Amino acid sequence: MTHTRHPERLRTFISAMAELIEDVPRESDLLSRGGQLLRQLVSHDDWLQDEFTVPDQTRYQQFLLHADSRQRFSVVSFVWGPGQETPIHDHRVWGLIGMLRGAEYSQGFARSADGRLEQEGRPIRLEPGQVETLSPHSNDIHQVSNAFDNQVSISIHVYGANIGAVKRAVYQADGSEKLFISGYSNAFLPNIWDLSKESQAQ
């Protein structure tokens, strides 16, 4: 059973992001202002439908919540089972990560002089309501993991493209890369646009 009480939160966020991108701000401004919008969204954990919070025992889930019709941005719910993590990977588009439930670690990587990948700085721990930014011009290579080995964590990711169509790479420690397209775990999108029931409740 779905217990969503405030689907308007996601609807408002999507509309605001579309307006922001329409203004074509510089990437730094877009990340700053978009990060504020995402922070507002993930400061409430009462809007994500149950169907898009279900973990899988074998790997983390990537549920598409929205894809802009012009593929300028996409919104994805990442659901982490206990102890799950990504490989080291990049994005090649700008990105925002907002923590909704639980916690996760994001460990950045950079190439050394011999081309190998080395950890860059300490891992960043994201708690609910916090947001991290990603840019292909700076901190684009990282590895993300659930901070807990005994509970599910959920984060909301926003990318500057339809990330399910972007050819990007996973990396080995020696710096070698393998191209991939991540795809999505769901075949259907959440319906956040039906206002009939909300109108009746008012």
(request) Pull up the range 113-152, narrow it to residues that are part of a loop (DSSP other than H, G, I, E, B) and among the charged types (D, E, K, R), then point me to the one that is most open to solvent (accessible area, probe 1.4 Å). (result) 122
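Okay, residues lined up against (1) modelled with pLDDT under 95; (2) in a loop (DSSP other than H, G, I, E, B); (3) under 12 Å from the mean Cα position of the chain (by Cα); (4) among the aliphatic types (A, V, I, L, M):
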| residue | (1), (2), (3), (4) |
| --- | --- |
| 5 | yes, yes, no, no |
| 9 | no, no, no, no |
| 13 | no, no, no, no |
| 31 | no, no, no, yes |
| 35 | no, no, yes, no |
| 38 | no, no, yes, yes |
| 48 | no, yes, no, yes |
| 78 | no, no, yes, no |
| 96 | no, no, yes, yes |
(message) If the requirement is being without any contact (Cβ under 8 Å) to a residue 12 or more places away in the chain and of a type in the set (Lys, Arg), which of these qualifies: 70, 39?
(response) 70
(message) Go through (1) surrounded by 15 or more Cβ atoms within 10 Å (Cβ to Cβ); (2) modelled with pLDDT of 95 or more for residue 177 and report which single condition fails.
(response) (2)
(request) Determine whether residue 11 is open to solvent by less than 40 Å² (accessible area, probe 1.4 Å), charged (D, E, K, R) and over 21 Å from residue 132 (Cα atoms). (result) yes
(message) Need the failing condition index for residue 170 against (1) open to solvent by 40 Å² or more (accessible area, probe 1.4 Å); (2) hydrophobic (A, V, I, L, M, F, W, C); (3) not in a loop (DSSP other than H, G, I, E, B), just the number.
(response) (1)
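Hydrophobic (A, V, I, L, M, F, W, C) and in a loop (DSSP other than H, G, I, E, B): is that true of residue 161 in this structure? Steps first, answer last, please.
Values: hydrophobic (A, V, I, L, M, F, W, C): yes; in a loop (DSSP other than H, G, I, E, B): yes.
So residue 161 fits the description; yes.
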(request) For the range 55-92, name all the residues that are farther than 17 Å from residue 147 by Cα and aliphatic (A, V, I, L, M). (result) 64, 65, 67, 75, 76
(request) Exactly one condition in (1) within 19 Å of residue 62 (Cα to Cα); (2) part of a helix (DSSP H, G or I); (3) open to solvent by 80 Å² or more (accessible area, probe 1.4 Å) is not met by residue 197; state its number. (result) (1)
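The values are calculated or read from the model by the stated rules, or taken from the named source; none is laboratory data. Bear in mind that the values here come from a model prediction, so they are computed numbers and not experimental data. In this analysis, Cβ positions are derived from the backbone assuming ideal geometry, glycine residues included, and neighbour counts consider all displayed protein chains. Just so you know, the surface numbers come from the protein's heavy atoms only, side chains and all, with ligands and any DNA or RNA stripped out. Shrake-Rupley method; radii C 1.70, N 1.55, O 1.52, S 1.80 Å.
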